[in-house]
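Novice: A single structure is presented below for examination.
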Amino acid sequence: RRPRLLVSRLFQPLAWAEGAEAAAGGEASCRSHRLMVQGGLISPAAPGCYHYLPAAVRALEKLVALVDGAMRAAGGQKLSMPCLSSAEAWRASGRWECMGAELFRLADRHGQGYCLAPTHEEAVTELLAAHGNLSYRQLPLRLYQVTRKFRDEPKPRLGLLRGREFHMKDMYTFDVSAEAARHSYELVCDAYGRFFQALGLRVVRVQADTGSIGGTVSHEFQLPAEIGEDRLALCPAGHFAANVETMSAEQAACPTCGEPLTHSRGIEVGHTFYLGTKYSSVFNATFCTPENKLQLAEMGCYGLGVTRILAAAVEVLSTEDSIRWPSLIAPYQVCFIPPKRGSREEKGAALLECLYDEVAEAAPQLASDLVLDDRTQLTIGKRLKDANRLGYPYVIVAGKKACDDPAVFEVWSQNTGEVTFLTREGVIDLLSKVCVS
């Protein structure tokens, strides 16, 4: 059997007792920021930059695995491009000036200018243009990456929701025609919808401004939340949704059904753009047609804020003092809590450890998702409170009934709030059905 994962050995410094501002490094806080710092998931490094501690990295890796699945299903091929982008390419596209102070700029020892890329339209289009033997038979081409991005936010705030360094999934599509490019656009948007549905997040697709990215069509994927920085206008019947910055001040009713629009705030977790030939014309990204002529590729680009999704999910699903995860990306799925050392129920500890091993064998998909809270100097109640606040989807407790014949364990389902009492067989049957990313 693989070694049991012990809570006492995890690097997850808890700071529940600290004040909200102190725990969050003194920055303006929100629920997700506070809980992720107090729960030992992230730690402030510099304004807008964070250390991602082991539990957060586990959740992030699971989230990226879901992203990979969604992008592969949409025909995506994964690549990785440098964080450093040349100033020359950004000047050619016209974005070196228009991005303003948001762009982190630097020069190497030879005086060559670069930026820490917030997005990679220039880089990927140059890449395609450098391989001029592209054939129409190779299109559509859908290339994506998941990398760290950088934006020099003037006032980083709200933890991972508005930082200077963040993880993003960016996909770039190349098609033979405008019609084909719009097909790719809808295909990727549909993939986004299924991705958010799998996470259990009620994200809304809204009309949006193309901004500094450019293009002629753009949509944001917004997660309604009070802390959100965007204002949304929504048709109650679902016929219309837009970021209010794209609307005229007079528009108060749905253009389709005439119903009054409702308003809410949202966290932008994804953004899509139909670019046309905005970048391919600058860098001469062409393909060879069936008539053996060169033609500019039609492009689209598609972003998902991976670390922002992580924080936004915690923001909208959690209570004020307890983290709740989309079950597919919880850092660990199950926490086993044995009795306190020296208590009358202590003999239940050996039974719980055996149960841990049996679950790992019967449900191999969970083998690395189980933890044993071996801090038996603490009461069950104290450890159960920590487990509740950290949001393990399942907590298995060896309480008084663990000494019965047959032994019965308490099973806490955190996302439903239910507590059930199950035998060893019942616990194994329940956990065998749990899915992880």
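Novice: Which residues in region 336-372 have a backbone N closer than 14 Å to a point placed 7 Å from the Cα of residue 8 along the Cα-to-Cβ line?
Specialist: 338-342, 372, by backbone N distance to the label point.
Novice: If you roll a 1.4 angstrom probe over the protein chains with everything in place, what fraction of the accessible area of the chain belongs to carbon and sulfur, to the nearest %?
Specialist: Here carbon and sulfur together make up 51 percent of the probe-accessible area.
Novice: Here's a follow-up. To the nearest 500 deg cm²/dmol, what mean residue ellipticity at 222 nm is calculated for the chain from DSSP H runs of n ≥ 4 alone, each contributing -39,500 (n - 2.57), summed and divided by the residues?
Specialist: Values: 12 runs with 125 residues, N = 437.
That comes out to -8500 deg cm²/dmol.
Novice: Still on this structure, I have one more. Determine which residues of region 372-396 fall in the zone a paramagnetic label at residue 346 would reach in this model, i.e. backbone nitrogen under 11 Å from the point 7 Å along Cα→Cβ.
Specialist: The answer is 377.
Novice: Taking Cα pairs under 8 Å and at least six residues apart, what relative contact order does region 332-433 come out at, in percent?
Specialist: Value for region 332-433: 32 percent.
Novice: Something else now. Assuming 0.36 nm per residue, please report the length gained on full extension of the stretch residue 368 to residue 207 beyond their Cα-Cα distance.
Specialist: Full-extension gain reported as 53.8 nm.
Novice: What ranking of 116, 103 comes out by heavy-atom accessible area, probe 1.4 Å, highest first?
Specialist: Putting 116, 103 in descending order of accessible area: 116, 103.
Novice: Please list 182-192, 88-98 highest first by mean number of surrounding beta-carbon atoms within 10 Å per residue.
Specialist: In decreasing order of mean packing, 182-192, 88-98 become 182-192, 88-98.
Novice: Report, ordered by chain and residue number, the aspartates and glutamates lying within cross-link reach of residue 433, taken as a straight Cα distance under 16 Å and ignoring same-chain residues fewer than 8 apart.
Specialist: 358, 361, 369, 425
Novice: Which of the peptides 366-372, 81-87 is most tightly packed, and how do the rest follow, going by the mean number of other Cβ atoms within 10 Å of each residue? All intermediate terms of the calculation are to be shown ahead of the outcome.
Specialist: Values: 366-372: 20.1, 81-87: 16.6.
In decreasing order of mean packing, 366-372, 81-87 become 366-372, 81-87.
Novice: Along region 185-201, what does the Karplus equation 6.51 cos²θ - 1.76 cosθ + 1.60 (θ = phi - 60°) give for ³J(HN,Hα), rounded to whole Hz, x for Gly and Pro?
Specialist: Listing the rounded values in order: 4, 5, 4, 5, 4, 5, 4, 4, x, 5, 4, 5, 5, 4, 7, x, 9 Hz.
Novice: So with the 1.4 Å probe, I'd like the accessible area per residue for region 47-317, rounded to whole Å². Don't skip to the end; give the middle numbers.
Specialist: Values: 12000 Å² over 271 residues.
So region 47-317 comes to 44 Å² accessible per residue, rounded to a whole number.
Novice: In whole Å, what are the Cα extents of the chain along the three principal axes, biggest one first?
Specialist: Result for the chain: principal-axis Cα extents of 81, 53, 49 Å.
Novice: Can you grab the distance from the C-alpha centre of region 168-206 to the C-alpha centre of region 207-276, Å, no decimals?
Specialist: Centre-to-centre (Cα) distance: 16 Å.
Novice: So between residue 416 and residue 379, what do we pick up on full extension, going 0.36 nm a residue minus the alpha carbon distance?
Specialist: Here the segment from residue 416 to residue 379 would lengthen by 10.9 nm.
Novice: Output the relative contact order of the chain, whole-number percent, from Cα pairs under 8 angstrom with separation of 6+ residues.
Specialist: Relative contact order comes out at 16 percent.
Novice: Which value, in Å², gives the accessible area per residue of region 324-422 when a 1.4 Å probe is used on the protein heavy atoms?
Specialist: 42 Å²
The values are calculated or read from the model by the stated rules, or taken from the named source; none is laboratory data. Worth saying up front: this structure is predicted, and the values here are computed from it rather than measured. When we count neighbours, we look across all protein chains shown, and the Cβ atoms used for this are built from the backbone with ideal geometry, even at glycine. Side chains included, ligands, DNA and RNA excluded: accessible areas come from the protein's heavy atoms. Shrake-Rupley method; radii C 1.70, N 1.55, O 1.52, S 1.80 Å.
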